[in-house]
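Undergrad: Pasting a structure below so you can have a look.
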Amino acid sequence: MNRICLDASAYSNFQRGQRGAVDLIDMADWIGMPSVTLGELWAGFLSGGRMESNVAQLREFLAHPFVEIVSVDDDVARIYGEIVTDLRTRGEPLPTNDIWIAATAARSGATVLTFDAHFRKIARVAAAVLSPQ
């Protein structure tokens, strides 16, 4: 797994030093940081008590040459629509932001790195689902 996109749970656990997240992120050749994940992180930072340190850690992480912020574009939006349609057909609703993250990963040819097992329900993208230690 050399291309991964992070959801907020993967990034947060990486910053906490969770071994599985650290190992997979360290081995990756390319890490996509979906803009939707950034929004989730900012929401947490703004409502938490460690904003300055969290923002500093995030900026340092994003400065690495193998990390790329991946925005929602027309292709991601189309893939999002396809995933939503498939999930509705199968009667498997998922959190909207997670579908956007999956669409971003699919567009980038990457695996979603996450701690949320429901990503496995998305047929369009691979998910590496880690367990907390």
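Undergrad: Which value does Rg/Rh take for region 35-133 over its C-alpha atoms, Rh per Kirkwood?
TA: 1.00
Undergrad: Another question, if that's okay. Quick one: 3J(HN,Hα) in Hz for region 92-99, Karplus 6.51/-1.76/1.60 with θ = phi - 60°, rounded, Gly and Pro as x.
TA: Karplus values, whole Hz, x for Gly and Pro: 10, x, 10, x, 4, 4, 5, 5.
Undergrad: When the Karplus curve 6.51 cos²θ - 1.76 cosθ + 1.60 is applied with θ = phi - 60°, which whole-Hz ³J(HN,Hα) does each residue of region 48-64 get, with x for Gly and Pro?
TA: x, x, 10, 4, 4, 5, 5, 5, 4, 4, 5, 4, 5, 4, 5, 6, 5
Undergrad: For Leu94 and Asp26, what is the calculated FRET efficiency with R₀ set at 35 Å and r taken between the beta-carbons, to the nearest 0.05? Each step should come with its number before you reach the end.
TA: On the way: r = 28 Å, r/R0 = 0.81.
It comes out at approximately 0.80.
Undergrad: Would you mind checking which residues have amide H under 5 Å from Val70's amide H? H placed 1.01 Å from N; only 5 or more apart, or other chain.
TA: Met33, Ser35
Undergrad: Starting from the Cα of Leu46, move 7 Å in the Cα-to-Cβ direction to define the label point; list residues of region 1-16 whose amide nitrogen is under 16 Å from there.
TA: Counting only backbone N, you get no residues.
Undergrad: Name the residues of region 14-49 whose amide N is less than 20 Å from a point 7 angstrom out from the Cα of Val84 along the C-beta direction?
TA: 34-40
Undergrad: Using Cβ contacts closer than 10 Å as the measure, can you line up Arg3, Arg19 from fewest to most?
TA: Fewest-to-most ranking of Arg3, Arg19: Arg19, Arg3.
Undergrad: How charged is the neighbourhood of Ala126? Take every other residue with its Cβ under 12 Å from the Cβ of Ala126, and add Lys/Arg as +1 and Asp/Glu as -1.
TA: Its environment carries a net charge of +3.
Undergrad: Here is a follow-up. Tabulate in residue order the Karplus-calculated ³J(HN,Hα) for region 34-39, using 6.51 cos²θ - 1.76 cosθ + 1.60 with θ = phi - 60°, rounded to whole Hz; enter x for Gly and Pro.
TA: x, 4, 5, 4, 4, x
Undergrad: Quick query: amide H of Thr111 versus all other amide H atoms, modeled in the peptide plane; which residues come in under 5 Å with a sequence gap of 5 or more or a different chain?
TA: Here Arg3, Ile4, Cys5 satisfy the definition.
Undergrad: By counting other Cβ atoms within 10 Å of each Cβ, how are Thr96, Thr89 ranked from fewest to most?
TA: The fewest-first ordering by Cβ neighbours comes to Thr89, Thr96.
Bear in mind that the values in this text are calculations on the coordinates, not laboratory data. Given the structure is predicted, the values throughout are model-derived calculations rather than measurements. Methodologically, a virtual Cβ is constructed for each residue, glycine included, from the backbone with ideal geometry; neighbour enumeration extends over all protein chains shown.
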